[in-house]
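Asks: Take this structure, written in structure tokens, and hold onto it; I'll ask about it next.
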Amino acid sequence: MPLDFSLTTEQEEIRRLAHEFAVNEMRPRAAHYDEHEETPWEVMRTAHELGLDASSAFPDQYGGGGLDVLGQLILTEELSWGDAGIAVSIQGTGLCGAAIVAMGTEAQKRRYIGMLCDPGQLRIGAMGLTEPNSGSDALALETSARKVEGGWVLDGTKQFCTNGGIADLQVVFATTDRSLGPAGIAGFVVEKGNPGMRQGRKEKKMGVRASHTAQVILQDCFVPEEARLGAEADGTETGPGAIGALLTLEATRPQIAAGALGIARAAFEVARDYSLERHAFGRPIARHEAIAFKLADMATEIDAARLLIWRAGWMLAEGIPFARGEGSMAKLYAGDMAMRVTIEAVQVLGGYGYIKEYPVERFMRDAKIYQIWEGTAEIQRLVISRCLLGERQPAVRPEPER
């Protein structure tokens, strides 16, 4: 039988290491960083030293860990089980790196991915796509890129950037020629310290509060020609272009889904353990069907989400396109599932679930963003329906892992 759900020795090891890290380094600090909305630099540095951050997923030829797709999903689930906000801080560089890997020339990949993978120094990345007036309509960009001698000048504002303003590398999408429509969009790498880039408002958020989210403001921001992704230093374009890269970034959706899965699993475990200890009417509340059936539904939905996520990961590893929107299915279901499970976890704990003595109220707040970022639940349904109705060609055609 070719179907096999067993994990390799390496995958089991990454799960064990990540789980121990979550228990020892993340959970004891989670409430503090959530309360104070601080960036968990100390935890991030430790994760980088252990190879548990985004660098673990980057190709080994550029200095990354070369972790396989399923290993990445397992790592994300375990870190998000520890704490979603800290997990996003640890792994937030991944989206920036994915854009560079998808779009960049070999020279750009060696330079920028090499910087992010430097074992001796933690460097983080950010990606600027969303703007104040464009979210789900991701290509309706107002940020402009104007060609000048030796490079480009960027002007505009990027909104809701994870690591925005504190990142060492910021990938920015901008319009080079509005008359070309989507074909006129390009990606640029802006390095920290560029006088034309500054942090705008840092957002105060409902959840994932340990993750830094801010505006990035670009004003007369000059970048050299070689900072345009997919372009050689002489201006010759060799990469797939921004549109191809944006479509390829659909491959990150199972990763986001794995984060939602980790939150849901954490909430379920707290609800289960509490319900076995809390007594009502002479026995543990877990022995009452009203609670037992909630736990059964929660566990079933968690397992169902993991199967969707692992299927999408397997397809990525094998180079099979998401012909039916399988990546979006994983993200959609896992995000909605995480909200259902965390709400039920609060309900199982009753009044205690509503106060900060127990972490389920934080889990519920953290879960909500997984229905929103990197494509809202509504956008995922749109993607899936268009695939099913033949209105959209599958965009993800990665090279298979061998």
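Residues checked against (1) closer than 19 Å to residue 263 by Cα; (2) at pLDDT 95 or above; (3) buried (at least 17 other Cβ atoms within 10 Å of the Cβ):
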residue	(1), (2), (3)
299	yes, yes, no
307	yes, yes, no
319	no, no, no
364	yes, yes, yes
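Asks: Please state which one of 129, 122, 116, 141 is surrounded by 14 or more Cβ atoms within 10 Å (Cβ to Cβ), among the hydrophobic types (A, V, I, L, M, F, W, C), in contact (Cβ under 8 Å) with a residue 12 or more places away in the chain and farther than 21 Å from residue 230 by Cβ. Before you say what the answer is, go through the steps one by one.
Replies: Numbers: 129 fails: farther than 21 Å from residue 230 by Cβ; 116 fails: farther than 21 Å from residue 230 by Cβ; 141 fails: farther than 21 Å from residue 230 by Cβ.
Selected residue: 122, the only one of 129, 122, 116, 141 that is surrounded by 14 or more Cβ atoms within 10 Å (Cβ to Cβ), among the hydrophobic types (A, V, I, L, M, F, W, C), in contact (Cβ under 8 Å) with a residue 12 or more places away in the chain and farther than 21 Å from residue 230 by Cβ.
Asks: If you check every pair at least six apart or on different chains, which have Cβ atoms under 6 Å apart with a residue in region 263-279 that is within 17 Å of residue 23 (Cα to Cα) and outside the structural domain of residue 88 (by TED's automatic domain parsing) first and a residue that is of a type in the set (S, T, N, Q) and at pLDDT 95 or above second?
Replies: Final answer for the pair search is 263/80; 267/342.
Asks: When residues of region 279-335 are filtered for being touching a Cys at 6+ places or on another chain (Cβ under 9 Å) and closer than 23 Å to residue 6 by Cβ, how many remain?
Replies: Of region 279-335, the ones touching a Cys at 6+ places or on another chain (Cβ under 9 Å) are 322-326, 328.
From what is left, the residues that are closer than 23 Å to residue 6 by Cβ are 326.
Summing the residues that are touching a Cys at 6+ places or on another chain (Cβ under 9 Å) and closer than 23 Å to residue 6 by Cβ in region 279-335 gives 1.
Asks: List every residue pair whose Cβ atoms sit under 7 Å apart, with the two residues 6 or more apart in sequence or on different chains, where the first one lies in region 303-327 and is on the phi > 0 side of the Ramachandran plot and the second, anywhere, is of a type in the set (Asp, Glu) and at pLDDT below 95.
Replies: Cβ pairs passing all conditions: 319/399.
Asks: Can I ask one more? For region 42-62, give me the residue count where each residue is more than 26 Å from residue 109 (Cβ to Cβ) and free of Cβ contacts under 8 Å to residues at least 40 places away in the same chain. Explain how you work it out, then say what you get.
Replies: At the first step, the residues of region 42-62 found to be more than 26 Å from residue 109 (Cβ to Cβ) are 42-43, 46.
With free of Cβ contacts under 8 Å to residues at least 40 places away in the same chain added as a condition, the list becomes 42, 46.
Result for region 42-62: 2.
Asks: Under 8 Å between Cβ atoms, which residue pairs at least 6 apart in sequence (or on different chains) link something in region 190-202 that is not assigned by TED's automatic domain parsing to the domain that holds residue 99 with a partner that is among the small types (Gly, Ala, Ser) and in a strand (DSSP E or B)?
Replies: These pairs meet every condition: 199/214; 200/214; 201/214; 202/214.
Asks: Related question: Quick one: would you say residue 181 is surrounded by fewer than 15 Cβ atoms within 10 Å (Cβ to Cβ) and either modelled with pLDDT under 95 or at negative phi (or both)? First the steps, then the outcome.
Replies: On the way: surrounded by fewer than 15 Cβ atoms within 10 Å (Cβ to Cβ): yes; either modelled with pLDDT under 95 or at negative phi (or both): yes.
The answer is yes for residue 181.
Asks: For region 5-50: of the residues being within 11 Å of residue 87 (Cβ to Cβ) and of a type in the set (A, V, I, L, M), which is surrounded by the fewest Cβ atoms within 10 Å (Cβ to Cβ)?
Replies: So, considering only residues that are within 11 Å of residue 87 (Cβ to Cβ) and of a type in the set (A, V, I, L, M), the one surrounded by the fewest Cβ atoms within 10 Å (Cβ to Cβ) is 44.
Asks: Looking only at region 147-171, which residues are basic (Lys, Arg) and within 13 Å of residue 203 (Cβ to Cβ)?
Replies: So in region 147-171, the residues basic (Lys, Arg) come out as 147, 158.
Matches in region 147-171: 158 only.
Asks: Considering each of 107, 98, 87, 167 in turn, give the residue that is assigned by TED's automatic domain parsing to the domain that holds residue 47, touching a residue at least 60 places away in the same chain (Cβ under 8 Å) and either in contact with a strand residue (DSSP E or B) (Cβ under 9 Å, 6 or more places away or on another chain) or basic (Lys, Arg) (or both). I'd like the intermediate steps shown before the answer.
Replies: On the way: 107 fails: either in contact with a strand residue (DSSP E or B) (Cβ under 9 Å, 6 or more places away or on another chain) or basic (Lys, Arg) (or both); 87 fails: either in contact with a strand residue (DSSP E or B) (Cβ under 9 Å, 6 or more places away or on another chain) or basic (Lys, Arg) (or both); 167 fails: assigned by TED's automatic domain parsing to the domain that holds residue 47.
On inspection, the qualifying residue turns out to be 98.
Asks: Return yes or no: is residue 145 of a type in the set (Gly, Ala, Ser), closer than 24 Å to residue 252 by Cα and over 21 Å from the mean Cα position of the chain (by Cα)? Don't jump to the end; show me each part of the working.
Replies: Numbers: of a type in the set (Gly, Ala, Ser): yes; closer than 24 Å to residue 252 by Cα: no; over 21 Å from the mean Cα position of the chain (by Cα): yes.
Criteria not met by residue 145.
Asks: Restricting to region 280-302, give me the number of residues that are of a type in the set (A, V, I, L, M) and free of Cβ contacts under 8 Å to residues at least 40 places away in the same chain. Break it down stepwise before answering.
Replies: Initial filter on region 280-302 (of a type in the set (A, V, I, L, M)): 280, 285-286, 290-292, 295-296, 298-299, 302.
With the extra rule that they be free of Cβ contacts under 8 Å to residues at least 40 places away in the same chain, the set shrinks to 280, 286, 290, 292, 296, 299.
Looking only at that region, the number is 6.
The values are calculated or read from the model by the stated rules, or taken from the named source; none is laboratory data. Bear in mind the structure is a predicted one, so any value in this text is a computation, not a measurement. Because the Cβ atoms are built from the backbone with ideal geometry, glycine has one as well, and the counts that use them run over all protein chains shown.
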